[in-house]
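Asks: My questions will all concern the structure given below.
The values are calculated or read from the model by the stated rules, or taken from the named source; none is laboratory data. Quantities reported herein were computed from a predicted structural model and do not represent experimental measurements. Positions of Cβ are backbone-derived with ideal geometry, glycine not excepted, and every protein chain shown enters the neighbour counts.
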Amino acid sequence: MRRAQINEQIERKELEGFQFPLGVAPVAEMSPLAGYTEEFEAADGADAPGFDGYSSDDWEEWPDRFVYDVVVSAKRVRALCRGLFALLPSRVYPILDILGTDAYREVDPYLAYDLVGIEKFLDGMGAYDDWLFEDGLVGFGAMSLDPFVYIFVDEHKVVTVRVGLEFKERVEKLLAAFDLRAHGEVRGADAVEHEHRTVLLAGSEEVELLVADEIVERLRDHWNLQLNVDVTKNVDAEGNELGVTGWQCVVRCAMADDRGDSYAEVLVSADSLDSAERLSAESVSGQAPDGDGWTEMDVIRADRVTPEQFGEWVGAPTSEALGSARVHDVRWLSGGPGSARDERPSGETPGPEQERPE
């Protein structure tokens, strides 16, 4: 079975006894400060962090709560999180954030909209724990609404905890057990200019290793994740309407037998995620081998592409390429989803030997 492997050649940065994650490191002078901050947040609903673009009818109101931002040395984050995740009930909503390659959005926010058994969440975390706890391009967590508990480890490996009053004492006792104290501010890598990088080791002809896209695909399946954006619109990170843009979609196609999944890369122009996914699925629906039909099709990736790059890929002027909603190209991927053509609209996503400043 193919697996992910961490690049052991990456050197962990340490300052004043504080160890930083392998995938995040400060590039300016600083004095790290472990501990936590505490604030009170009043009840709210769909305006709560992580639920942008959804009406209050979709989610129960978040209750009055206490929020803790916790900074701890990298070698202690996992142990702390094991204690914090023990606060969660038997069924939760997993969360996954990826610093992706969409041209108009820096972070791909995934969220489960159906409850998932806590054991499935913990199994997924255990399968990719090195990546989740060390990589500078991923954040993850889980939440429940009854009781209200929200735990998220961001890409800097700062742990955010939101709980109702009934959990306040338990959280603070756990933090005290890790010798963490309340401060007016805490300082991790994100307190100053810093760099993000992936920690995944690239594969070779001799050894096939999982890439980030494939891990995300597996966690999407295991945790029932959906991209947490409004699929009926096409807006940038500031909410500006974009109209018709180019999209690079990867469609996973499955059959009932054991021939394995097939993957197709589809280039479409569309004015919403819903339209891009529909066009992509329709374009491959009749292309199953031997005249059989696919038993399942799932768009596992849908990234918007800059007009210049999209025009280059489809071999047409921008005005023609983005003149209407349609399919421009379908290409079957012999190497799985990781072999889709690489689009890096805002600077290359870091590889093992590449870094992205923030």
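Asks: Quick check on this structure: which one of Leu132, Leu96, Leu111, Leu115 is surrounded by 15 or more Cβ atoms within 10 Å (Cβ to Cβ), touching a residue at least 12 places away in the same chain (Cβ under 8 Å) and over 20 Å from Val229 (Cα atoms)?
Replies: Leu132
Asks: Right, something else. When the range 57-101 is examined, which residues are found to be in a helix (DSSP H, G or I) and within 30 Å of Val211 (Cβ to Cβ)?
Replies: Listed by number, the residues that qualify are Ala74, Lys75, Arg76, Val77, Arg78, Ala79, Leu80, Cys81, Arg82, Leu84, Phe85.
Asks: Follow-up. Collect the residues in the range 147-160 that are of a type outside the set (A, V, I, L, M, F, W, C), more than 25 Å from Ile10 (Cα to Cα) and touching a Pro at 6+ places or on another chain (Cβ under 8 Å), keeping them in residue-number order.
Replies: Hit for the range 147-160 is Pro147, nothing else.
Asks: Still on this model: Residues of the range 143-187 being of a type in the set (A, V, I, L, M), over 20 Å from Lys75 (Cβ atoms) and surrounded by 20 or more Cβ atoms within 10 Å (Cβ to Cβ), which ones?
Replies: Met143, Val149, Val163, Val171, listed by residue number.
Asks: How many of the residues in the range 173-198 are over 30 Å from Val211 (Cα atoms) and part of a loop (DSSP other than H, G, I, E, B)?
Replies: 8
Asks: Looking at the range 246-274, which of its residues are over 21 Å from Gly336 (Cα atoms) and more than 22 Å from the chain's Cα centre (by Cα)?
Replies: If we filter the range 246-274 for residues that are over 21 Å from Gly336 (Cα atoms), which is where we start, we get 246, 269-274.
Those that are over 21 Å from Gly336 (Cα atoms) and more than 22 Å from the chain's Cα centre (by Cα): Ser269, Ala270, Asp271.
Asks: Assess whether Val138 counts as being of a type in the set (A, V, I, L, M), farther than 27 Å from Leu210 by Cβ, outside the structural domain of Leu273 (by TED's automatic domain parsing) and buried (at least 16 other Cβ atoms within 10 Å of the Cβ).
Replies: When the stated conditions are applied, Val138 does not pass them.
Asks: Is it true that some residue in the range 16-28 is loosely packed, with under 12 Cβ neighbours inside 10 Å, modelled with pLDDT of 95 or more and of a type in the set (S, T, N, Q)?
Replies: Within the range 16-28, not a single residue is loosely packed, with under 12 Cβ neighbours inside 10 Å, modelled with pLDDT of 95 or more and of a type in the set (S, T, N, Q).
Asks: Right, here's the next one. Return yes or no: is Gly45 at pLDDT below 95 and either more than 22 Å from the chain's Cα centre (by Cα) or farther than 20 Å from Met125 by Cβ (or both)? Don't jump to the end; show me each part of the working.
Replies: Values: at pLDDT below 95: yes; either more than 22 Å from the chain's Cα centre (by Cα) or farther than 20 Å from Met125 by Cβ (or both): yes.
Yes, satisfied.
Asks: Pull up the range 140-171, narrow it to residues that are of a type in the set (Asp, Glu) and not in a helix (DSSP H, G or I), then point me to the one that is nearest to Val70 (Cα to Cα). Give the derivation first.
Replies: Initially, the range 140-171 is screened for residues of a type in the set (Asp, Glu), giving 146, 154-155, 166, 169.
Next, only the ones that are not in a helix (DSSP H, G or I) stay: 146, 154-155.
On the way: Asp146: 23, Asp154: 11, Glu155: 13 Å.
Selected residue: Asp154.
Asks: Continuing with the same structure: Restricting attention to strands (runs of 3 or more DSSP E) lying wholly within the range 210-318, give those where 3 or more residues are surrounded by 16 or more Cβ atoms within 10 Å (Cβ to Cβ).
Replies: Counting at least 3 such residues, we get 245-254, 262-270, 296-305.
Asks: While we're here: Identify the single condition in (1) assigned by TED's automatic domain parsing to the domain that holds Gly83; (2) in contact with a strand residue (DSSP E or B) (Cβ under 8 Å, 6 or more places away or on another chain) that Glu217 does not satisfy, given that it satisfies every other one.
Replies: For Glu217, the exception is condition (1).
Asks: Give the number of residues within the range 254-272 that are within 16 Å of Ser334 (Cβ to Cβ) and in contact with a helix residue (DSSP H, G or I) (Cβ under 6 Å, 6 or more places away or on another chain).
Replies: So the answer is 3.
Asks: In the range 140-168, what count of residues is obtained for those that are under 30 Å from Ala25 (Cβ atoms) and out of contact with any strand residue (DSSP E or B) (no Cβ under 6 Å at 6 or more places or on another chain)?
Replies: Qualifying residue count, the range 140-168: 1.
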